[in-house]
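Below is one structure, written out as structure tokens; comments come after it.
The values are calculated or read from the model by the stated rules, or taken from the named source; none is laboratory data. The shown structure was predicted, so the numbers you read here are calculated from the model rather than taken from an experiment. Neighbour counts run over all protein chains shown; Cβ positions are idealised from the backbone, glycine included. All accessible areas refer to the heavy atoms of the entire protein, side chains included, with ligands and DNA or RNA removed. Shrake-Rupley method; radii C 1.70, N 1.55, O 1.52, S 1.80 Å.
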Amino acid sequence: MAIGEAGPGSVRRGLQPKRLEETMRVRLGRECVYVPSCRFGLYVALRHWCPPGGRVLMSPVNDDVIFFVVLAAGLRPVQAPLNPLDASIDVDAVPAQTWRSVSAVLTTNLYGNPDPAPRLRQKCDALGIPLFEDAAHAIGSRVGDRPVGAWGEASAFSLSKHVGAKAGGMLSLADPGLRDAVEKTCAGLLAPRRASSELAYAVRPFAEATVRGLRLRRAAWAAIRLLGLADREEIRMPLRPDELAQAERRAPGLEAHHPWVRVDMHDYRQESGLLRLRRVGRKLDRLDDVLDACRAGTELLLSTPWAKSRDAYGTQPLFRVPLFVADRDAAIAALARRGVVVGYLYDPPLDDYAGAEFTDPSPAPEAARWFARHALPVDPLRARTVVEVLERSGAQPVEAPGELSRSRPTPGGLG
């Protein structure tokens, strides 16, 4: 166990994490271990199942932080071809030689839309390799006859997304017998709690409420940048290839890759304090109400002319709904004027961003490029405002080019 301020009797082994784990265990029907963040949970899973030097099939339309988590685990990212309308892994487009070369598969479940987990499960079983699910966006989504997160050897959830706790994650395990070993690995990687971080977490909701109430968003962001607290100016963080190459020589390990893995969440591996855990618990208790609202907003947004692939998304409570507009920058600006911030953009795809030095490029990159360039991910909880803004601004839908507009199988299908 990492040595924290509270010592052997810390809240890490107390009642509060156990309650959170039990809540998720009931939802998923499998063993769960509380972790400080989704990225930390994914790192633990990759280190536990994958010896260094392995190759991991993943989506190029993904957060760059997850890309660096894979590198930190001493693994080689291999970018998969995607379905262009929902950015799920296109199982049939992955070359046979690629399937033979990979030692694991990592799903993304982008914006809450499931990757084809039943088919990926079949593939992984046939190859004898593990399936990992990044379920950060998909805590309420289902695929086949199970929840997202109940298909892989391990799956990692974020409690900062739908739950809205701004902290915490959950690592679920198919084999409950591995719980003790995984907990031990987690404890060895945790950083001690810091009183300053806990205080900042405590006052953050009040600061954000003040900013919203006084409509000081622009001033707040300007202050953050002035103080050097902004980790990125563009969609993708700076790659810094020379430094990254040096870090690669020290992999596996979080320390060498910490400057990249920490971006947007500096306490991603910090042991959670009691106040943080209690807030996570309160938010988690209200999750079903949030999911119901997300589901209603998703249905409304999918009924608009800017939506694609309505059948594929179905009635999932999406974390973000990708709309497709001809001028995305203009749409983002129009929404910003109404206080709707558009985030979770992943442009360019990871293979274009990182290059062949750090990843195997997708054999069919066009679909990922099209999605990354045109998708406008919007919060379903702001659905009515978004529709009103796009209608008033005259935003035009963009058509999928050529063969990309052909119908595709539903992501959860087994065909």
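Details
- Spatial separation of Cα centroids for segment 310-363 and segment 40-112, in angstrom: 18
- Backbone phi angles across segment 267-275, fed through the Karplus curve with coefficients 6.51, -1.76 and 1.60 (θ = phi - 60°), yield HN-Hα couplings of 9, 5, 10, 7, 4, 7, x, 5, 4 Hz in residue order; Gly and Pro are listed as x.
- Within the accessible area of segment 324-394 (1.4 Å probe), percent carbon and sulfur: 47
- Prolate/oblate/rounded label for segment 319-363 (Cα gyration tensor, a/c 1.5): prolate
- Segment 29-159: equivalent-ellipsoid semi-axes (sqrt of 5 x gyration tensor eigenvalues, Cα, Å): 19, 18, 14
- Order by protection proxy (mean Cβ within 10 Å, highest first), peptides 52-64, 240-252, 112-124, 78-90: 78-90, 112-124, 52-64, 240-252
- Loop-located GluC sites (Glu not before Pro) across segment 270-371 with a Cβ neighbour count of 12 or fewer within 10 Å are Glu357, with loop assigned by DSSP.
- With contacts taken as Cα pairs under 8 Å and at least 6 residues apart, segment 48-145 reaches a relative contact order of 27 percent.
- The percentage of C-alpha pairs in segment 72-149 whose separation is greater than 20 Å is 29%.
- Under 5 Å from the amide H of Val378 lie the amide H atoms of Val321, Leu323, each residue being 5 or more positions distant or on a separate chain, with H modelled from the backbone and absent for Pro and chain starts.
- Global geometry of segment 44-115, whether rounded, prolate or oblate, following the gyration tensor of its Cα atoms and the 1.5 cut on a/c: oblate
- Accessible surface of Arg286, taken over heavy atoms with a 1.4 Å probe and every protein chain present, rounds to 120 Å².
- Oblate is the label for segment 145-191, because a/c, from the alpha-carbon gyration tensor with a ≥ b ≥ c as root eigenvalues, is 1.5 or above and a/b does not exceed b/c.
- The eigenvalues of the Cα gyration tensor, multiplied by 5 and square-rooted, give segment 285-400 an equivalent ellipsoid with semi-axes of 26, 18, 14 Å from largest to smallest.
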